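S.K.: Provided herewith is a single structure, encoded as structure tokens, for subsequent inquiry.
The values are calculated or read from the model by the stated rules, or taken from the named source; none is laboratory data. What you see is a predicted model, and the numbers here were worked out from it, not measured in a lab. Cβ coordinates were reconstructed from backbone atoms using ideal geometry, including for glycine residues, and neighbour counts include every protein chain displayed.
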Amino acid sequence: MSTEKNCRLYLITPPRIEPAAFSSSLAAALDAGDVACVQLRLKDVDDDTIRRTCDQLRPIVQGRDVALILNDRPDLAAETECDGVHVGQKDRTYREARELVGTDRIVGVTCHNSRHLAMEAADDGADYVAFGAFYPSSTKAPPTVAQPDLLAWWSEMMTVPSVAIGGITVDNCRSLVEAGADFLAVSAGVWQHPEGPAAAVRGFNEIIRG
């Protein structure tokens, strides 16, 4: 993930997937336009399922020079050769995650709508901070609501990249790009797009390019 101020897509998988069937949708999405990374976000599954899914999706993602990020589990991120991990405020701390994944992997941190949490994460060494939710989400009920001016403030003050998350679609993302988001984290806005994931990726990239 680059730290240059050019907004890019950050895809998040649905919370439940069947890897073999999902692989074709994932490949189509990644082949449709620029994507910086894919976060594997599986909920209520055992560790072996996470391992198997990582093994099946990793070649598709990394083979296209896209980073594979695992949600919540720095221990499994290191074991399964993911490129990094994303941790929330209720998961392991940034420092615990960094110790588990080492210095060469990405560690991103959920910061909700808090400038304080984001500055703490940046000071600790986080590779990116995630703000949200900017819009209502069909994936999960967000604990906080964020406004685009938070992205603008962060972009002006800090060099650590920001990720905007929460209910982002092709139709509502322009204000976040214009506010200075470095990455748009999108789940349902891609996988549930009426014309399919590839059309969604193309649409996002058209708006990002202006």
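S.K.: Restricting to the range 130-145, name every residue that is crowded, with 18+ Cβ neighbours inside 10 Å and either more than 19 Å from Arg8 (Cβ to Cβ) or among the hydroxyl-bearing types (Ser, Thr, Tyr) (or both).
M.R.: Result: Ala133, Tyr135, Thr139, Pro142.
S.K.: Let me ask another. Restricting attention to the range 60-79, and to residues there that are buried (at least 23 other Cβ atoms within 10 Å of the Cβ) and in contact with a helix residue (DSSP H, G or I) (Cβ under 6 Å, 6 or more places away or on another chain), which single residue is farthest from Asp31 (Cα to Cα)?
M.R.: Residue satisfying both the conditions and the ranking: Pro74.
S.K.: Continuing with the same structure: What pairs come up if the first residue lies in the range 175-204 and is farther than 12 Å from Cys7 by Cβ and among the hydrophobic types (A, V, I, L, M, F, W, C), the second is part of a loop (DSSP other than H, G, I, E, B) and at pLDDT below 95, and their beta carbons are under 7 Å apart, counting only those six or more places apart or on different chains?
M.R.: Within 7 Å, the pairs are Ala188/Ser138; Ala188/Thr139.
S.K.: Next up: Give me the residue from the range 33-54 that is exposed (fewer than 13 other Cβ atoms within 10 Å of the Cβ) and acidic (Asp, Glu) and, out of that set, nearest to Ser137 (Cα to Cα).
M.R.: Restricting to residues being exposed (fewer than 13 other Cβ atoms within 10 Å of the Cβ) and acidic (Asp, Glu), the top hit is Asp44.
S.K.: Considering only residues that are under 14 Å from the mean Cα position of the chain (by Cα) and either assigned to a loop (DSSP other than H, G, I, E, B) or touching a residue at least 60 places away in the same chain (Cβ under 8 Å) (or both), which ones fall in the range 88-125? Don't jump to the end; show me each part of the working.
M.R.: Step one: list which residues in the range 88-125 are under 14 Å from the mean Cα position of the chain (by Cα), which gives 88, 106-112.
Scanning the range 88-125 gives Gly88, Ile106, Cys111, His112.
S.K.: Which residues, counting only those in the range 105-131, are on the phi > 0 side of the Ramachandran plot and touching a strand residue (DSSP E or B) at 6+ places or on another chain (Cβ under 6 Å)?
M.R.: Residues satisfying the conditions do not exist here.
S.K.: Given the options Leu30, Leu57, name the one that is under 16 Å from Gln192 (Cα atoms) and crowded, with 21+ Cβ neighbours inside 10 Å.
M.R.: Leu30
S.K.: Also: Of everything in the range 3-25 that's within 19 Å of Pro59 (Cβ to Cβ) and without any contact (Cβ under 8 Å) to a residue 40 or more places away in the chain, which residue is surrounded by the most Cβ atoms within 10 Å (Cβ to Cβ)?
M.R.: Once the filter is applied, the top-ranked residue is Ile17.
S.K.: Give the number of residues within the range 80-104 that are over 23 Å from Pro142 (Cα atoms) and surrounded by fewer than 16 Cβ atoms within 10 Å (Cβ to Cβ).
M.R.: Total satisfying the criteria: 7.
S.K.: Can you find a residue in the range 2-18 that is over 18 Å from the mean Cα position of the chain (by Cα) and over 23 Å from Val170 (Cβ atoms)? I'd like the intermediate steps shown before the answer.
M.R.: Pass one, the range 2-18, residues over 18 Å from the mean Cα position of the chain (by Cα): 18.
In the following step, the residues that additionally are over 23 Å from Val170 (Cβ atoms) were identified as 18.
Among the residues of the range 2-18, at least one is over 18 Å from the mean Cα position of the chain (by Cα) and over 23 Å from Val170 (Cβ atoms), which makes the answer yes.
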